[in-house]
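Readers should treat all values here as calculations from the given coordinates under stated rules, not as data from a laboratory. Values in this document were obtained by computation on a predicted structure and should not be read as measured data. For neighbour counting, all protein chains shown are included, and Cβ atoms are generated from backbone atoms with ideal geometry for every residue, glycine included.
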Amino acid sequence: MEHIRRALEQAEKDRAEARSAVPSDTGLYRSVDNKGADSAPAPTATSADVRYLKTKIVDVSAETLERNRLVAALPAHELTDSYRMLRTKVLRELQTHGWNSIAITSPATGSGKTLTAINLAISLAREVNHTVLLVDLDLRAPSIHESFGYEPELGISDYLQHDAPIEEIMFSPGIDRLVVLPGRESIADSSETLRSPKMVSLVGELKHRYPDRIVICDLPPMLATDDALGFAPYTDAMLMVAEAGSTRREDLQQSLSILKDVRLIGTVLNKSEDAPSKLYGRK
C-alpha cells in the first residue's frame, strides 16, 4: 500500500496549501442566471426562476430514469423517500458548517457510489433554494452521463487537456436546477490531474461562483487509487458509500482509517434490509 502512504503525505501537504489558497477566476461562464445577459454582474439571486443560457438541455425519458435507477427523479417511486431522507441529513450538515461541496467515494467498486451521487444530486436539486452541479471526477472510469442515456461530445478531460470551454461540456438532464459536468475519455494520470493547478482553480470557481450552488463530486473508490484522498483538501466534506452484503468490513475500516483526518459526514449503506439508503454518522 505504498501509494496510500505517499497519498497521505501528499494530502497533508495539499490540505495546508488549500487552506491558504484563494481560488482564481477561470473565466467560467454563468451557466444559470435569473436576469439574462452574460455581461451582467456576478449573480447574487437565489435559484428561483432559473434560466439556462448556454447549458445544453438533454431530454431524459422516464423510462431511462427508471431503468437506470435514478429514482429521486420519480416522485411516485417507492424508493424516493430514502433519498429525500439522505438529502435532509446532508443539507443539515452543509448548512450547519457553512459548506457547499461534498465528494462521494466508496471502499471498492460496485458499492453504488455513482448511483448515490446522482440520486443525491437530483434530490437536492428538487429543493427550490439552490442549484446543484454534479461533477464526474472518476477520471479513469467516468460514467455519470451513461445513467442519463447521454453520450457527450466533450467531457472534463477535454477541458483539462485541450482547453475546451466548460460551457460546451455541461448539460442539464431536464431536471430543474441540476447541471452535470460529465467525463468522457479516461485519464490515466488521474491522481496528478486532480491535484493539478488547473483542476484546483476550476474547483474553486465551481464552488464559489454562485452563493446558492451545491457541488457534488463523484470520486473513484478509496482502495483502487489515491485519487479520492488526494482530492479531499479541495472539497468541504466527503461521504462514504458501502453496500450491505458486499462491502467487506475490513475494506470499510481501512478506508475510514485513511480518511481519519478528512471531514467525513457519514456512511451511506446501500441495500440495507432496513432502508435502501441509510446514513450513519461517523463514530
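A few notes on this one:
- If you take all other residues with their beta carbon under 9 Å from the beta carbon of Leu137, and give Lys and Arg +1 and Asp and Glu -1, the sum is -4.
- Total charge dipole magnitude, region 168-283, about the Cα centre, Cβ charges on Lys, Arg, Asp, Glu only, Debye to nearest 20: 360
- Across q = 0.25, 0.32 Å⁻¹, region 194-244 modelled as identical point scatterers on its alpha-carbon atoms has Debye log10 I(q)/I(0) values of -1.06, -1.38, in the order of the q list.
- Inverse mean reciprocal Cα-Cα distance (Kirkwood Rh) of region 132-210, Å: 12.8
- Dipole magnitude (debye, nearest 20) for region 48-120, charges at Cβ of Lys, Arg, Asp, Glu: 260
- Principal axis box of region 104-248, alpha-carbon based, largest edge first, Å: 39, 34, 29
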